[in-house]
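Novice: Below is one structure. I have some questions about it.
The values are calculated or read from the model by the stated rules, or taken from the named source; none is laboratory data. Note that this is a predicted model, so its numbers are computed, not measured. Every residue, glycine among them, receives a Cβ derived from its backbone with ideal geometry; neighbour counts consider all protein chains shown.
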Amino acid sequence: MLKLFGQGASEPFKKALETKIEEFELLKNQRIAELRAQGICCPKCFSKQKKYYTGLIDIKSHDGFYSPLGGGVAVGGDGHTEFQFHYTKCSKCGHWEMFEYRIVPHWWDDLFDIDCPFHSGSIIQKYIDGKIPGEKYISYEVLRW
């Protein structure tokens, strides 16, 4: 390209430069998409995300059961469930995404060597989408990052 420019052929030089810039942009966008798919690149600000394995979340839900007992007293199924979760978080903008979760294991799981594997995805989104049978999502609170 520099040879073309040195010979005074600026038009072919400009076209060659534009082609190289387009190729670079295409490769850059492909690499960003790969990094996003791997959870390394933040989808909001394109900076590096870090994986954490320390999350604890409390999901508040209602089981759909509501029974008035009379005298102004009603019994509802409001409750909460705690989940451990793994997530990626951007150090620049604070955006985070859950990528694995499991119900917090009980002490007897360790006692009887019961395996409690992590499930991929976001438990918050499953509650919101209504994919947890018999449960209606109310809110969530992150108890530990």
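Novice: Quick one: would you say residue 81 is modelled with pLDDT of 85 or more, among the β-branched types (Val, Ile, Thr) and loosely packed, with under 14 Cβ neighbours inside 10 Å? Give the steps one after another, and end with the answer.
Specialist: Values: modelled with pLDDT of 85 or more: yes; among the β-branched types (Val, Ile, Thr): yes; loosely packed, with under 14 Cβ neighbours inside 10 Å: no.
Judged against the criteria, residue 81 is not a match.
Novice: It is to be established whether one or more residues within segment 56-67 are at pLDDT 85 or above, aliphatic (A, V, I, L, M) and either in a helix (DSSP H, G or I) or on the phi > 0 side of the Ramachandran plot (or both).
Specialist: Within segment 56-67 (the criterion being at pLDDT 85 or above, aliphatic (A, V, I, L, M) and either in a helix (DSSP H, G or I) or on the phi > 0 side of the Ramachandran plot (or both)), the answer is no, since none of the residues qualifies.
Novice: Those residues that are out of contact with any helix residue (DSSP H, G or I) (no Cβ under 9 Å at 6 or more places or on another chain), surrounded by 12 or more Cβ atoms within 10 Å (Cβ to Cβ) and farther than 21 Å from residue 91 by Cβ, I need them from segment 23-59; list them, please.
Specialist: 58, the sole residue that qualifies.
Novice: Still on this structure, I have one more. Output the number of residues of segment 109-129 satisfying the condition of being modelled with pLDDT of 85 or more and either surrounded by 11 or more Cβ atoms within 10 Å (Cβ to Cβ) or not assigned by TED's automatic domain parsing to the domain that holds residue 54 (or both).
Specialist: 11
Novice: Among the listed residues 92, 131, which satisfies the condition of being touching a residue at least 24 places away in the same chain (Cβ under 8 Å) and either part of a loop (DSSP other than H, G, I, E, B) or among the hydroxyl-bearing types (Ser, Thr, Tyr) (or both)?
Specialist: Only one candidate qualifies: 92.
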